[in-house]
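No value in this document is a laboratory result; all are computed from the given coordinates. Just so it is clear, the model here is predicted, and its values are computed rather than measured. Every residue, glycine among them, receives a Cβ derived from its backbone with ideal geometry; neighbour counts consider all protein chains shown.
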Amino acid sequence: MGKKVLIVYAHPEKKSFNSALLNSAVTSLTSQGHQVRVSDLYAEGFNPIIGREDIKDNNADPGEHFDYCEMTGQAWSDGRLSDDIQEELAKLSWADLVIFQFPMQWSSVPAILKGWFDRVLVMRYAFTETNMFDAGNMKGKKVVLSFTTGVPESFYKETGPHGDMNVVLWSIQNNVLRFVGFDVLAPNIIYGPGLPNTNHEARVQHLRDWEERLKKIWDEEPLFFLPLSVYKPVDEMDPVKGVEVDEDKLDDVQVFNSNRSKISRRLSGPTIGQHLGLGFPKDSMIMPTKNE
């Protein structure tokens, strides 16, 4: 039975390589019998700026503090979010897989896509104070970043000018996508497709590789992130201090332990974010953890 795929596309130019990647994805997925919907943010004039206007019949006093996160969460519960947000939420609820297609800008997502995250991943709908990370409300849905860069791959190595791509992707893939519960798949990264020395044949091959990957994407293992179960309070008597990794509980994390040797666990932490003062696990944000 066919799956349902939402592609959130963030590029203004119809003749761009990002547009070609979008079209290749649509062609590959529909040819397999899957349903595809596209949110073309630039073409649709998506508003990336949060504000009181995101709530219909907003009677809040303009002179009072406006808690956007809390108020939009309540508005979602009441069915009072603006029409454009509700349209995106309907597509997000419908989808089994979400693909974000964009050009990397300033080592992050374009502003219009950041605005999509800000306005669409609404509290109560996407997450709550208890439903987050592996318990987030997007649990069971897959997500993948597909993006291009303006520089060669070497610029995003651990010795490159921009730094390790794994570090760059941590905040997006863990603190946004995994935070709301998505199973995050390895990103599709095309380095420097617009550079003068990138020939047409290489770009065509990138498109073919993407089409082929999408035929098997449903069987892919997600990237590894620590579950909430390994955390403990920093101070049992003071909840405001938050939580921290309980290293004793790492032995209970099956995926982490089954895919990493005892030696590697002494040399690097379990994730880029929770490195425990040790080294970073190699390539953990660009490919699934593999047996060593």
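One table, with the values for the structure above:
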read-out: Relative contact order %, the chain, counting alpha carbon pairs below 8 Å whose residues are six or more apart; value: 17 percent
read-out: ³J(HN,Hα), Karplus 6.51/-1.76/1.60, whole Hz, each residue of the stretch 73-82, x for Gly, Pro; value: x, 5, 5, 5, 4, 8, x, 10, 6, 4
read-out: Cα lying deepest toward the dipole's positive end in the stretch 4-219, options Thr27, Val180, Thr148, charges on Cβ; value: Thr27
read-out: Theoretical FRET efficiency, 1/(1+(r/R0)^6), r = Cβ-Cβ of Gln32 and Ser93, R0 22 Å, to 0.05; value: 0.50
read-out: Geometric extent, Cα atoms of the stretch 147-222 - Rg, Dmax (angstrom); value: 14.3, 40
read-out: Separation of the Ser171 and Leu195 label points, Cα + 7 Å toward Cβ, nm; value: 2.5 nm
read-out: Footprinting exposure proxy for Thr149, Thr130 (fewest neighbouring C-beta atoms within 10 Å first); value: Thr130, Thr149
read-out: Footprinting exposure proxy for Trp116, Trp76, Trp218 (fewest neighbouring C-beta atoms within 10 Å first); value: Trp218, Trp76, Trp116
read-out: Percent of Cα-Cα distances greater than 33 Å, calculated over the stretch 4-219; value: 18 percent
read-out: Within the chain, helix-based [θ] at 222 nm, where runs of 4 or more DSSP H residues each add -39,500 (n - 2.57), nearest 500; value: -8500 deg cm²/dmol
read-out: Residue exposure sequence - Thr198, Thr72 - by fewest surrounding Cβ within 10 Å; value: Thr198, Thr72
read-out: Point-charge dipole on Cβ atoms (K/R +1, D/E -1) for the stretch 4-219, about Cα centre, debye to 20; value: 760 debye
read-out: Cα→Cβ-extended label distance, 7 Å offset, between Arg208 and Ala135, nm; value: 4.8 nm
